[in-house]
Every structure is written in structure tokens, then in C-alpha cells.
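The values are calculated or read from the model by the stated rules, or taken from the named source; none is laboratory data. These numbers were taken from a predicted model, which means no experiment stands behind them. Here the Cβ is made from the backbone with ideal geometry for all residues, glycine too, and neighbour counts use every protein chain on show.
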């Protein structure tokens, strides 16, 4: 019999594939739990769009880190690379109640970066992958699915 968790993960994967129209060029999910979404905007504009959407939804933005600026401060080159750290206790606390080790991966983060080819990407940790990594029990499945869809929707909107 198929476990509830496997069924939820399969349904979540189908939903994400539909959301991204199964376009491998527009988004990818790697074996190590990273989801990457192609953006049609610059790194700065993409993260500005994401940050505005998060704030509009009442999600706390804890930090925005410009790695390229940090590299420049020590005279090292780095293509545009910024990370946004954000969260909401209503979403993260139930996961930490199930297993506090997931706190190492919370709050959530989205990285915006420009590849050598000039293409801009948003990359984030797949919440279902994090749930498996931290062995969360099935009582968190609804929260995991909600966070998965939230990240997919937010990044798709920010990427254009």
C-alpha cells in the first residue's frame, strides 16, 4: 500500500509540475532538494518583486544579503547573487514542534543569482525534501504542502 507521505509528495510534485507547466527550462527540481525557477528580470528586480509580495502577504522578511557586494568588499568578483530570508511562525512552528532540527533550515530562504550565461534564477529548498531530511511525521503534511505551494506561487510570480 502506498504510504500517505509518498502520496502527498507525489501530489505535490504533480501540482508543482502543473504550476510550472512542466517546462524544464522554466524550473527544475534537483535530487538534493533545490528548486530553481528561471526569471525574466534582473537579480535585484526579481528579489524586489518577491520581497514586496512577501510583505503584502504579511510574511516577515528577516534579511536580504547581497553576496556580490560582500565579494566586492574584499576585491573578489561574483556575479549578482542575493538571498532573501523570510518566514512566519504559523508556518514554521508546527514543523519545529515535530522535529526541532528543521530549525537549521528555517526561516525559509530564496536565492536569486545570475549564471555565467546571464540568465537569472531563483533557487530555494523544496519543503518536502526538508521534511524528509528531518524525518517529519505525517502530522505536518498539510503544513509542508502549504509551504511548498506558497514558495512555488511566490517564486513564479517574482520570476514573471
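Listing for the model above:
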item	result
Candidates 113, 129, filtered to the one that is surrounded by 20 or more Cβ atoms within 10 Å (Cβ to Cβ), out of contact with any helix residue (DSSP H, G or I) (no Cβ under 7 Å at 6 or more places or on another chain) and either at pLDDT 95 or above or on the phi < 0 side of the Ramachandran plot (or both)	129
Test: residue 75 is under 16 Å from residue 160 (Cα atoms) and outside any helix (DSSP H, G or I)	no
Test result for residue 146, within 17 Å of residue 41 (Cα to Cα) and either touching a residue at least 40 places away in the same chain (Cβ under 8 Å) or crowded, with 18+ Cβ neighbours inside 10 Å (or both)	no
Residues of the stretch 149-160 satisfying the condition of being part of a helix (DSSP H, G or I) and in contact (Cβ under 8 Å) with a residue 60 or more places away in the chain	149, 151, 152, 153, 154, 155, 156, 157, 158, 159
So residue 37, is it touching a residue at least 24 places away in the same chain (Cβ under 8 Å), in contact with a helix residue (DSSP H, G or I) (Cβ under 8 Å, 6 or more places away or on another chain), buried (at least 17 other Cβ atoms within 10 Å of the Cβ) and closer than 16 Å to residue 156 by Cβ	yes
